[in-house]
Amino acid sequence: MKDIVFNLIDQEKIRQRDGLELIPSENYVSKDVLKAMGSVLTNKYSEGYPSFEGITDWDESEIAQKILPNYRYYGGQTNVDRIERLAISRACKLFHADHANVQPHSGANANEAVYYAWCNPGDKILAMSLPAGGHLTHGSPVTRSAKIYKFIGYGVTDEGDIDYEELEKKALEEQPKIILIGYSAFMKIPDFDRVARIAAKIPDCLLMADMAHVAGLIAGGVHENPLDHGFHVMTTTTHKTLRGPRGGLILSKGKVSSPLKRPDHTLENIPTLIDRSVFPGTQGGPLEHVIAAKAVAFGEALQPEFKEYAKNIVKNAKTLAEELIKSDFVLQGDGTENHLILVNVKESYGIDGKMYEKALDHAGLTLNANALPTDDSAAFRPSGVRLGTPAITSRGMGEPEMKILASWMKKIAKICKEAGTEDNLPKYSAELETIKKEVKELALKFPVPSI
């Protein structure tokens, strides 16, 4: 008898196949990534790390064949060591890093491990505030990190860029242990050089970039790489624009040594300090089936076609933003330089983001309600919505489809405005169902890669 769980998985396949994913933090993996995720590696415990002893370069045939000593706490590690070394070496190639820790289970775990590696309880961390577009793990009071470290927030300008003057003023006044550039709703490319010059004025200040949203754009060469501009550490998720499995990654510059011995607390030793912070500091056994899937995804991102994919993400986002403006939507920052668009639907059509999200979802278009930097609405009734182009670009959509999307979004915004409240939306179910049929017709022309 088939477990009901698999029936629900089948329903989710249909939802993904028949609808369009506009959430900027979601994407579709390849069949090979999916295959690695579902492999027998899920059976193996591998606490600790592989060794690179005797490896003189990043030659994959050498990495995949050699049996080397390791820093593991269980036996039977020959194959997982080789796979994890491949994941590490590919990540370093992809992002110009000296070292990569591929074990974090998520971006949140990756961020916490960096804080734990460099800071003591009560130390100050300067990061983008949540209302300005920062992430929960950058100091939201509901998180564990905010109870351990003192987070100081900086904001954005009216034009939607980082307020660098405020950042510098607070950095010099507060002397933080970490300056963090990272976000979940920000449409510009940061001036990493300017931030590096600010951090250079503060003794032992770690420069950290959380590039979870744009890692795939960095890998594809259409976004600046903070590690090329003096940053010590870059964290990211491995899904989103990078198109890998759900997980985390920490990349760093510096000296790599054995994680068995604690090195001096210096910026040069940050790679090893991070390794010790991930395990045994903040995590237990790594998920080697996920690490294998990360290795596959990194390999895919090293191919020339991934660069074309990254270019198309940005091209589609800019086209979609232009079409939304033509459709009378007000955009935060007047557009986008990356994959992400933040729409002020309150100012555009007098509706709240949550109502608009639900109406779009009914029509097979998935995005998320999102607060704006100036928003004083309740968390579940924000004035904006956030959307992006990574997933629809993975399906092969281009500029013509962006124009169609914008037209549907305008129609649904008008429906919401006329309805006035969510309670009245059922009266417009026929109109929404008509759009849903059109969405499905378009979606089926662009199959999901792994379905």
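The values are calculated or read from the model by the stated rules, or taken from the named source; none is laboratory data. On a predicted model such as this, the values are computed, not experimentally measured, just so you know. Cβ atoms come from the backbone with ideal geometry, glycine included; neighbour counts cover every protein chain shown.
Filtering region 240-261 to residues that are among the hydrophobic types (A, V, I, L, M, F, W, C) and surrounded by fewer than 20 Cβ atoms within 10 Å (Cβ to Cβ) leaves VAL256, LEU260.
Set side by side, the residues ASP228, ASP204, ASP264 differ, and just one is within 26 Å of ALA295 (Cα to Cα) and charged (D, E, K, R), which is ASP228. Looking across region 225-246, the residues that are out of contact with any Leu (no Cβ under 7 Å at 6 or more places or on another chain) and at positive phi come down to LYS240, ARG243. Scanning region 158-173 for residues that are of a type outside the set (D, E, K, R) and in a loop (DSSP other than H, G, I, E, B) turns up just one, GLY160. Of all the residues in region 32-58, those that are surrounded by 11 or more Cβ atoms within 10 Å (Cβ to Cβ) and in a helix (DSSP H, G or I) number 8.
Just one residue in the set ALA132, ALA127 is buried (at least 20 other Cβ atoms within 10 Å of the Cβ) and in contact (Cβ under 8 Å) with a residue 60 or more places away in the chain; that residue is ALA132. Scanning region 375-410 for residues that are surrounded by fewer than 18 Cβ atoms within 10 Å (Cβ to Cβ) and without any contact (Cβ under 8 Å) to a residue 40 or more places away in the chain gives ASP376, SER377, ALA378, ALA379, PHE380, ARG381, PRO400, ILE404. Report, by residue number, each residue of region 285-319 that is farther than 30 Å from GLY48 by Cα, out of contact with any Asp or Glu (no Cβ under 9 Å at 6 or more places or on another chain) and of a type in the set (A, V, I, L, M, F, W, C). If the condition is that a residue be farther than 30 Å from GLY48 by Cα, out of contact with any Asp or Glu (no Cβ under 9 Å at 6 or more places or on another chain) and of a type in the set (A, V, I, L, M, F, W, C), then ALA310, ILE313 are the ones that fit. For region 276-286, check the following and say yes or no: at least one residue is farther than 14 Å from ARG243 by Cα, surrounded by 23 or more Cβ atoms within 10 Å (Cβ to Cβ) and outside the structural domain of TYR73 (by TED's automatic domain parsing). Checked region 276-286: no residue is farther than 14 Å from ARG243 by Cα, surrounded by 23 or more Cβ atoms within 10 Å (Cβ to Cβ) and outside the structural domain of TYR73 (by TED's automatic domain parsing). All told, HIS105 falls short of being on the phi > 0 side of the Ramachandran plot, in contact (Cβ under 8 Å) with a residue 60 or more places away in the chain and either surrounded by fewer than 19 Cβ atoms within 10 Å (Cβ to Cβ) or polar (S, T, N, Q) (or both).
GLU47 fails exactly one of the following numbered conditions: (1) touching a strand residue (DSSP E or B) at 6+ places or on another chain (Cβ under 9 Å); (2) within 30 Å of GLU305 (Cα to Cα); (3) touching a residue at least 40 places away in the same chain (Cβ under 8 Å). What is the number of that condition? Among (1) touching a strand residue (DSSP E or B) at 6+ places or on another chain (Cβ under 9 Å); (2) within 30 Å of GLU305 (Cα to Cα); (3) touching a residue at least 40 places away in the same chain (Cβ under 8 Å), the lone unmet condition for GLU47 is (2). You will find that of SER61, SER106, SER30, the residue that is more than 19 Å from the chain's Cα centre (by Cα) and of a type in the set (Gly, Ala, Ser) is SER61 and no other. Confirm whether TYR149 is crowded, with 18+ Cβ neighbours inside 10 Å, touching a residue at least 24 places away in the same chain (Cβ under 8 Å), more than 30 Å from PRO69 (Cβ to Cβ) and touching a Phe, Trp or Tyr at 6+ places or on another chain (Cβ under 7 Å). Yes; evaluated as a whole, the condition is true for this residue.
Given ASP334, ASP352, which one is more than 16 Å from GLU159 (Cβ to Cβ), surrounded by fewer than 24 Cβ atoms within 10 Å (Cβ to Cβ), among the acidic types (Asp, Glu) and in the same structural domain as GLU422 (by TED's automatic domain parsing)?
On the way: ASP334 fails: more than 16 Å from GLU159 (Cβ to Cβ).
Only one candidate passes the filter, namely ASP352.
Screening LYS346 on (1) buried (at least 19 other Cβ atoms within 10 Å of the Cβ); (2) touching a residue at least 40 places away in the same chain (Cβ under 8 Å); (3) of a type in the set (D, E, K, R) shows it passes everything except condition (2). Considering region 123-155, and only residues there that are at pLDDT below 95 and among the β-branched types (Val, Ile, Thr), the residue that is nearest to the chain's Cα centre (by Cα) turns out to be THR137.
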